[in-house]
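The structure under discussion appears below in the form of structure tokens.
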Amino acid sequence: MAPDSLEGALALKTEHGDDAKFLAGGQSLIPAMNFRLAQTALLIDVNNLKELDYIRRDANGDLHLGALTRQRRLERDPLVKQYAPLLHEAMPWVAHPQIRNRGTLGGSLAHADPAAELPVIALALGARLRAQTARDERWITVDDFFRGLFTTDLASDEMLVEVVLPPLPPRTGAAFIEFSRRRGDYAMLGLAAIVTLNESGACEKARLVYLNAGDGPVDAKQAADLLKGQKPSAEVFAAAASLAAEQEINPMGSIHASPDYQRHLARVLTGRALKQAFARASQ
Ligand SMILES: Cc1cc2nc3c(=O)[nH]c(=O)nc-3n(C[C@H](O)[C@H](O)[C@H](O)COP(=O)(O)OP(=O)(O)OC[C@H]3O[C@@H](n4cnc5c(N)ncnc54)[C@H](O)[C@@H]3O)c2cc1C
């Protein structure tokens, strides 16, 4: 069914619950159905809900992104480029342009693939997510949203309708890096690094979030804490990278990369991402 209104879509979801699935870009759901990894009695096609395709900035500097915003739009949008440069930097790494033309922000977050870029970016940026049912709505902080492998906090009658990214504090720099065999493939490992410096150039706050390194986006809190109070140096970057790679991530391995190789990538890529993030923060 393809309802014309959000109310209509939510009413159908309330009625059918887990027997129904929203169809957004279809770039994860349809392949999963083709492989018989997902089955559903009813598809609720939400592509008519144009009101959920938007990018706006409010007076507080928060960036509001509608859940049905296509990934290609996020990649090209000037507001995203200026105010959420980490998201802008990560977007070209999401699959291929053809897939980004259809895939949506909300679909990627709701799908919660541990190898996906958008959950990592949302977690690194401290996003807030608005979920709506036929009766009410609630806000979910991103720290509470991802609940494990392909699992989120969304209830069976809820739809993710909006994502809000807070503004970055002054003297903040961010970087996104991932590594895959071919451009467009899911990465063997990747990460987002964000650092905020104090006036003397030491790290005040940091966040390191990894993809394909566990059963969801992995927030390496101890490694980020290690950076606090530190000025940038190769030794500091190496210490944080080792801590994250050896103790905080839990890569599962695949035919493309063993867990050991993923840990090696984490060490190398963390060093590079931190170097870039510190340099950008001090610009
Ligand atoms: C060949 C290929 C390569 C890919 N490579 C990558 C990659 O490198 N990185 C990456 O991140 N992704 C990759 N993807 C996935 C792609 O980014 C998808 O677009 C995305 O994961 C899902 O978005 P969608 O809008 O297509 O969601 P859909 O496939 O329509 O839906 C996915 C799931 O989310 C649910 N859903 C959708 N929207 C909502 C909502 N608003 N509220 C609640 N539930 C909702 C659906 O019911 C479904 O269960 C790839 C896909 C393909 C086919």
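The values are calculated or read from the model by the stated rules, or taken from the named source; none is laboratory data. Model, not experiment: these values are computed from the prediction. A quick note on method: Cβ atoms are made from the backbone with ideal geometry, for glycine too, and the neighbour counts reach across all protein chains shown. SASA here: full protein model, heavy atoms, side chains in, ligands and nucleic acids out. Shrake-Rupley method; radii C 1.70, N 1.55, O 1.52, S 1.80 Å.
See the values below:
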quantity	calculated
Of all accessible heavy-atom area on region 43-110, the percent that carbon and sulfur account for (1.4 Å)	50
Selected from 22, 150, 35 as most flexible by GNM, with the chain as the system and alpha-carbon contacts under 10 Å	35
Relative counts (whole %) of C-alpha pair distances in region 32-91, using bins that are 10 Å wide	19, 38, 25, 15, 2
Mean projected area in nm² (Cα convex hull; one quarter of hull surface) for region 1-112	7.7
Within straight-line cross-link reach of residue 21, aspartates and glutamates at Cα separation under 13 Å, skipping those fewer than 8 residues along the same chain	45, 157, 158
Extended-chain gain in nm, criterion 0.36 nm per residue less alpha-carbon gap, residue 183 and residue 258	25.0 nm
Mean projected area (nm²) of the alpha-carbon convex hull when region 60-171 is viewed from all directions	7.2
GNM flexibility winner over the chain from 236, 161, 46 (Cα, springs under 10 Å)	236
Neighbour cut-off at most 16 other Cβ (10 Å), DSSP loop, trypsin sites (Lys or Arg not before Pro), region 72-152	135
Where chymotrypsin sites (Phe, Trp or Tyr not before Pro) fall in DSSP loop in region 173-205, at most 12 other Cβ within 10 Å	none
Over region 149-226, equivalent-ellipsoid semi-axes from the Cα gyration tensor in Å	26, 20, 13
Kirkwood Rh, Cα atoms: Rg over Rh of region 115-252	1.01
Relative frequency of Cα-Cα separations exceeding 12 Å in region 121-161, percent	57
Extension gain (nm, one decimal) between residue 101 and residue 199, 0.36 nm per residue minus Cα-Cα	31.1 nm
Square roots of five times the Cα gyration tensor eigenvalues for region 1-50, Å	19, 13, 6
Å² per residue, accessible surface of the chain at 1.4 Å	46
Net length gained if the chain between residue 18 and residue 59 were fully extended (0.36 nm per residue, minus Cα distance)	10.9 nm
Mean shadow area of the chain, taken as a quarter of the surface of its Cα convex hull (nm²)	14.5
Gaussian network model of the chain, Cα within-10 Å springs - most flexible of 97, 119, 31	31
Convex hull volume of region 171-283 per residue (C-alpha atoms, cubic angstrom)	86
Cα→Cβ-extended label distance, 7 Å offset, between residue 143 and residue 39, nm	4.0
Angle in degrees between helix 259-281 and the longest Cα principal axis of the chain, rounded to the nearest 10	80
